[in-house]
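Visitor: What follows is a single structure, and I will ask about it in a moment.
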Amino acid sequence: MLPRALRALLFDWDGTLWDSSEASYRSYVRLFESYGIPFDRERFEATYAPDWHATYRAVGLPAERWAEADERWMREYAQEERGLLPGAHETLEQVRDLGFAVGLVTSGSRARVLRELEALSIRGLFGSVVCGEDVERRKPHPEGLIMALRHLGMAPVESAYVGDSPEDVEMARAAGVLPVGVPGGFPNRPALAAARPVVLASSLAEAIQALV
(Lines give C-alpha, C1' and ligand atoms only; values in the text may rest on other atoms or scores of the structure.)
Protein backbone atom coordinates (compact mmCIF):
# COMPACT_ATOMS: atom_id res chain seq x y z
CA MET A 1 0.00 0.00 0.00
CA LEU A 2 1.35 3.43 -0.94
CA PRO A 3 2.12 5.89 1.86
CA ARG A 4 0.19 8.74 0.21
CA ALA A 5 -2.68 9.64 -2.09
CA LEU A 6 -1.45 10.82 -5.48
CA ARG A 7 -2.79 13.55 -7.76
CA ALA A 8 0.19 14.08 -10.05
CA LEU A 9 2.44 11.72 -12.01
CA LEU A 10 5.63 13.02 -13.58
CA PHE A 11 7.92 11.11 -15.91
CA ASP A 12 11.47 11.00 -17.19
CA TRP A 13 11.76 10.89 -21.01
CA ASP A 14 14.81 9.03 -22.32
CA GLY A 15 14.75 5.38 -21.31
CA THR A 16 11.44 5.70 -19.45
CA LEU A 17 8.97 6.75 -22.16
CA TRP A 18 11.26 7.22 -25.17
CA ASP A 19 13.24 4.25 -26.50
CA SER A 20 16.61 5.90 -27.00
CA SER A 21 19.20 3.61 -25.42
CA GLU A 22 20.48 1.90 -28.57
CA ALA A 23 20.31 5.12 -30.58
CA SER A 24 22.30 6.87 -27.86
CA TYR A 25 24.91 4.11 -27.75
CA ARG A 26 25.46 4.09 -31.51
CA SER A 27 25.64 7.90 -31.54
CA TYR A 28 28.27 7.84 -28.80
CA VAL A 29 30.32 5.29 -30.74
CA ARG A 30 30.40 7.47 -33.85
CA LEU A 31 30.93 10.68 -31.85
CA PHE A 32 33.90 9.41 -29.87
CA GLU A 33 35.35 7.73 -32.93
CA SER A 34 35.56 11.19 -34.51
CA TYR A 35 37.80 12.22 -31.59
CA GLY A 36 39.88 9.05 -31.71
CA ILE A 37 38.37 7.74 -28.45
CA PRO A 38 37.47 4.02 -28.40
CA PHE A 39 33.97 3.32 -27.10
CA ASP A 40 32.21 -0.03 -26.76
CA ARG A 41 29.42 -1.65 -24.72
CA GLU A 42 31.64 -2.13 -21.71
CA ARG A 43 32.66 1.52 -21.69
CA PHE A 44 29.06 2.61 -22.23
CA GLU A 45 28.05 0.67 -19.14
CA ALA A 46 30.95 2.05 -17.11
CA THR A 47 30.42 5.71 -18.06
CA TYR A 48 26.67 6.08 -18.63
CA ALA A 49 24.87 8.92 -16.80
CA PRO A 50 21.78 10.97 -17.67
CA ASP A 51 24.12 13.98 -17.69
CA TRP A 52 26.08 13.19 -20.86
CA HIS A 53 28.81 15.64 -19.88
CA ALA A 54 29.68 13.17 -17.14
CA THR A 55 30.23 10.62 -19.92
CA TYR A 56 32.42 13.09 -21.82
CA ARG A 57 34.46 13.63 -18.67
CA ALA A 58 34.74 9.91 -17.99
CA VAL A 59 36.13 9.10 -21.44
CA GLY A 60 38.60 11.99 -21.31
CA LEU A 61 37.05 14.40 -23.81
CA PRO A 62 38.43 17.89 -23.00
CA ALA A 63 35.82 20.28 -21.63
CA GLU A 64 36.55 22.85 -24.33
CA ARG A 65 35.25 20.35 -26.91
CA TRP A 66 31.95 19.61 -25.16
CA ALA A 67 29.83 22.22 -26.97
CA GLU A 68 31.16 21.00 -30.31
CA ALA A 69 30.57 17.40 -29.23
CA ASP A 70 26.97 18.21 -28.29
CA GLU A 71 26.33 19.44 -31.84
CA ARG A 72 28.02 16.40 -33.36
CA TRP A 73 26.08 14.01 -31.12
CA MET A 74 22.78 15.63 -32.07
CA ARG A 75 23.60 15.20 -35.76
CA GLU A 76 24.45 11.53 -35.19
CA TYR A 77 21.36 10.96 -33.07
CA ALA A 78 19.10 12.57 -35.67
CA GLN A 79 20.05 9.77 -38.08
CA GLU A 80 18.70 7.11 -35.73
CA GLU A 81 15.18 5.70 -35.66
CA ARG A 82 13.52 6.05 -32.27
CA GLY A 83 10.04 5.76 -30.82
CA LEU A 84 8.03 5.37 -27.64
CA LEU A 85 8.67 2.33 -25.50
CA PRO A 86 5.94 -0.33 -25.60
CA GLY A 87 2.91 0.75 -23.57
CA ALA A 88 4.13 4.31 -23.04
CA HIS A 89 1.41 6.02 -25.07
CA GLU A 90 -1.30 3.91 -23.44
CA THR A 91 0.13 4.68 -20.00
CA LEU A 92 0.08 8.44 -20.60
CA GLU A 93 -3.50 8.36 -21.86
CA GLN A 94 -4.52 6.18 -18.93
CA VAL A 95 -3.17 8.52 -16.26
CA ARG A 96 -4.67 11.53 -18.05
CA ASP A 97 -8.07 9.84 -18.24
CA LEU A 98 -7.83 8.97 -14.54
CA GLY A 99 -7.57 12.68 -13.79
CA PHE A 100 -3.90 12.92 -12.82
CA ALA A 101 -1.85 16.00 -13.56
CA VAL A 102 0.97 14.80 -15.85
CA GLY A 103 4.44 16.28 -16.20
CA LEU A 104 7.73 15.57 -17.94
CA VAL A 105 11.13 16.32 -16.38
CA THR A 106 14.17 15.48 -18.49
CA SER A 107 17.82 16.41 -18.86
CA GLY A 108 17.38 16.27 -22.65
CA SER A 109 17.58 19.38 -24.79
CA ARG A 110 14.32 21.26 -25.22
CA ALA A 111 14.59 21.45 -29.01
CA ARG A 112 15.03 17.69 -29.35
CA VAL A 113 12.46 16.63 -26.76
CA LEU A 114 9.76 19.01 -28.02
CA ARG A 115 10.43 17.88 -31.58
CA GLU A 116 9.94 14.27 -30.51
CA LEU A 117 6.77 15.09 -28.56
CA GLU A 118 5.29 17.02 -31.47
CA ALA A 119 6.15 14.28 -33.96
CA LEU A 120 4.14 11.85 -31.83
CA SER A 121 1.31 14.36 -31.22
CA ILE A 122 1.59 13.83 -27.45
CA ARG A 123 2.76 17.26 -26.28
CA GLY A 124 -0.78 17.96 -25.10
CA LEU A 125 -0.68 15.03 -22.68
CA PHE A 126 1.75 16.94 -20.44
CA GLY A 127 0.71 19.87 -18.31
CA SER A 128 4.37 20.75 -17.78
CA VAL A 129 7.57 19.96 -19.69
CA VAL A 130 10.89 20.85 -18.06
CA CYS A 131 14.07 20.23 -20.07
CA GLY A 132 17.79 20.56 -19.47
CA GLU A 133 18.09 24.21 -20.49
CA ASP A 134 15.24 25.23 -18.18
CA VAL A 135 17.28 24.71 -15.01
CA GLU A 136 20.65 25.76 -13.65
CA ARG A 137 21.21 22.43 -11.86
CA ARG A 138 20.33 19.18 -13.60
CA LYS A 139 19.46 15.80 -12.13
CA PRO A 140 19.88 14.60 -9.50
CA HIS A 141 19.30 18.12 -8.17
CA PRO A 142 15.53 18.56 -7.61
CA GLU A 143 15.27 21.98 -9.31
CA GLY A 144 13.60 20.65 -12.46
CA LEU A 145 11.07 18.53 -10.59
CA ILE A 146 10.19 21.36 -8.22
CA MET A 147 9.71 23.66 -11.22
CA ALA A 148 7.36 21.17 -12.91
CA LEU A 149 5.31 20.77 -9.73
CA ARG A 150 4.96 24.52 -9.49
CA HIS A 151 3.73 24.66 -13.10
CA LEU A 152 1.19 21.92 -12.34
CA GLY A 153 0.10 23.51 -9.07
CA MET A 154 0.83 20.29 -7.18
CA ALA A 155 2.57 19.61 -3.87
CA PRO A 156 5.43 17.08 -3.64
CA VAL A 157 3.51 14.99 -1.12
CA GLU A 158 0.77 14.28 -3.68
CA SER A 159 3.13 13.48 -6.56
CA ALA A 160 5.22 10.60 -7.92
CA TYR A 161 8.11 10.65 -10.39
CA VAL A 162 8.76 7.69 -12.71
CA GLY A 163 12.27 7.22 -14.05
CA ASP A 164 14.82 4.63 -15.12
CA SER A 165 17.97 5.85 -13.36
CA PRO A 166 19.30 6.23 -9.81
CA GLU A 167 19.57 9.97 -10.51
CA ASP A 168 15.80 10.01 -11.08
CA VAL A 169 15.25 8.33 -7.72
CA GLU A 170 17.64 10.71 -5.96
CA MET A 171 15.97 13.76 -7.54
CA ALA A 172 12.48 12.59 -6.53
CA ARG A 173 13.58 11.87 -2.99
CA ALA A 174 15.28 15.27 -2.68
CA ALA A 175 12.09 16.98 -3.88
CA GLY A 176 9.89 15.07 -1.44
CA VAL A 177 8.21 13.21 -4.32
CA LEU A 178 7.48 9.47 -4.35
CA PRO A 179 10.30 7.81 -6.38
CA VAL A 180 9.24 5.12 -8.86
CA GLY A 181 11.77 3.06 -10.81
CA VAL A 182 11.16 1.29 -14.12
CA PRO A 183 14.29 -0.29 -15.67
CA GLY A 184 14.84 0.72 -19.29
CA GLY A 185 17.42 -0.07 -21.93
CA PHE A 186 20.29 1.97 -20.50
CA PRO A 187 23.02 0.08 -18.59
CA ASN A 188 22.01 1.17 -15.09
CA ARG A 189 19.58 -1.50 -13.85
CA PRO A 190 21.65 -2.59 -10.82
CA ALA A 191 22.22 1.03 -9.84
CA LEU A 192 18.49 1.76 -10.15
CA ALA A 193 17.63 -1.12 -7.83
CA ALA A 194 20.38 -0.07 -5.40
CA ALA A 195 18.82 3.41 -5.20
CA ARG A 196 15.78 1.75 -3.58
CA PRO A 197 12.79 3.56 -5.15
CA VAL A 198 9.59 3.15 -3.15
CA VAL A 199 8.10 1.36 -6.18
CA LEU A 200 10.36 -0.71 -8.47
CA ALA A 201 8.32 -2.13 -11.36
CA SER A 202 9.26 -4.21 -14.37
CA SER A 203 7.21 -2.08 -16.77
CA LEU A 204 5.30 1.19 -17.01
CA ALA A 205 2.01 -0.67 -16.86
CA GLU A 206 3.04 -2.43 -13.66
CA ALA A 207 4.21 0.86 -12.15
CA ILE A 208 0.93 2.62 -12.87
CA GLN A 209 -1.04 -0.33 -11.52
CA ALA A 210 0.89 -0.04 -8.27
CA LEU A 211 0.34 3.71 -8.09
CA VAL A 212 -3.36 3.93 -8.89
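The values are calculated or read from the model by the stated rules, or taken from the named source; none is laboratory data. The structure displayed is predicted, hence computed values, not measured ones. Using ideal geometry, Cβ is built from the backbone for each residue, glycine included, and neighbour counts are taken over all protein chains shown. To get the accessible areas, we keep the full protein, side chains included, count just its heavy atoms, and leave off ligands, DNA and RNA. Shrake-Rupley method; radii C 1.70, N 1.55, O 1.52, S 1.80 Å.
Visitor: Compute the relative contact order of the chain as a whole-number percentage, counting only Cα pairs closer than 8 Å that sit 6 or more residues apart in sequence.
Guide: 26
Visitor: May I pose another question? Using r as the Cβ-Cβ distance of residue 26 and residue 212, and R0 as 30 Å, what FRET efficiency do you calculate, to the nearest 0.05?
Guide: Numbers: r = 36 Å, r/R0 = 1.20.
Efficiency computed from Cβ-Cβ geometry: 0.25.
Visitor: While we're looking at this one, here's another question. Return the Cα extents of the chain along principal axes one, two and three, sorted largest first, each rounded to a whole Å.
Guide: Computed over the chain, the largest-to-smallest principal extents equal 52, 35, 31 Å.
Visitor: Need one number: nm distance between label points at residue 35 and residue 157, each 7 Å from Cα along Cα→Cβ, rounded to one decimal.
Guide: 4.6
Visitor: So what does the Cα-only Debye profile of region 124-212 read at q = 0.21, 0.24 Å⁻¹, as log10 I(q)/I(0), no solvent term?
Guide: Debye curve over Cα of region 124-212, log10 I(q)/I(0) at q = 0.21, 0.24 Å⁻¹: -1.05, -1.28.
Visitor: Give me the percent of the accessible area of the chain that comes from carbon and sulfur atoms, probe 1.4 Å, all protein chains in place. Write down the numbers at each step before the final one.
Guide: Values: 4970 of 9860 Å².
Roughly 50 percent, rounded to a whole number.
Visitor: Compute, for residue 146, the solvent-accessible surface of its heavy atoms (probe 1.4 Å) with the complete set of protein chains present, and express it in square angstrom to the nearest 10.
Guide: Per-residue accessible area (residue 146): approximately 80 Å².
Visitor: Just to verify a number: FRET efficiency for residue 7 and residue 189, C-beta to C-beta distance, R0 = 45 Å, to 0.05?
Guide: Approximately 0.95, to the nearest 0.05.
Visitor: Here's a follow-up. Any idea which of 152, 121, 176 is furthest toward the positive side of the dipole for region 114-176, if Lys and Arg beta-carbons carry +1 and Asp and Glu beta-carbons -1?
Guide: The residue sitting most towards the positive pole is 152.
Visitor: Just to confirm my numbers, what's the Cα centroid distance between region 129-152 and region 40-59 in Å?
Guide: Cα centroid to Cα centroid, the span is 23 Å.
Visitor: List the residues, sorted by chain then number, that are 5 or more residues from residue 84 or on another chain and whose placed amide H is less than 5 Å from its amide H.
Guide: Here the answer is 19, since their amide H atoms fall under 5 Å of that of residue 84.
Visitor: About the Cα centre, and with charges only on the beta carbon of Lys, Arg (+1) and Asp, Glu (-1), how big is the dipole of region 1-144? Nearest 20 debye, please.
Guide: My answer is approximately 280 debye.
Visitor: Next question, about the same structure. Which chymotrypsin sites (Phe, Trp or Tyr not before Pro) in region 1-70 sit in a loop by DSSP (not H, G, I, E or B) and have at most 10 other Cβ atoms within 10 Å of their own Cβ?
Guide: Passing both the DSSP loop test and the Cβ count: no residue.
Visitor: Within region 1-78, report the trypsin sites (Lys or Arg not before Pro) that DSSP leaves as loop and that have at most 15 other Cβ atoms within 10 Å.
Guide: Here the trypsin sites (Lys or Arg not before Pro) that fit, given the DSSP loop and packing criteria, are 4.
Visitor: At 222 nm, what value in deg cm²/dmol follows for the chain if DSSP H runs of at least 4 each add -39500 (n - 2.57) and the sum is divided by all its residues, to the nearest 500?
Guide: It lands at -13000 deg cm²/dmol.
Visitor: Now for a separate question. Quick check: convex hull of the Cα atoms in region 108-153, volume per residue, rounded to a whole Å³?
Guide: Looking at region 108-153, the number lands at 64 Å³ per residue.
Visitor: Please give the per residue accessible area of the chain, computed with a probe of 1.4 Å over protein heavy atoms only, in Å².
Guide: Here the per-residue accessible area is 47 Å².
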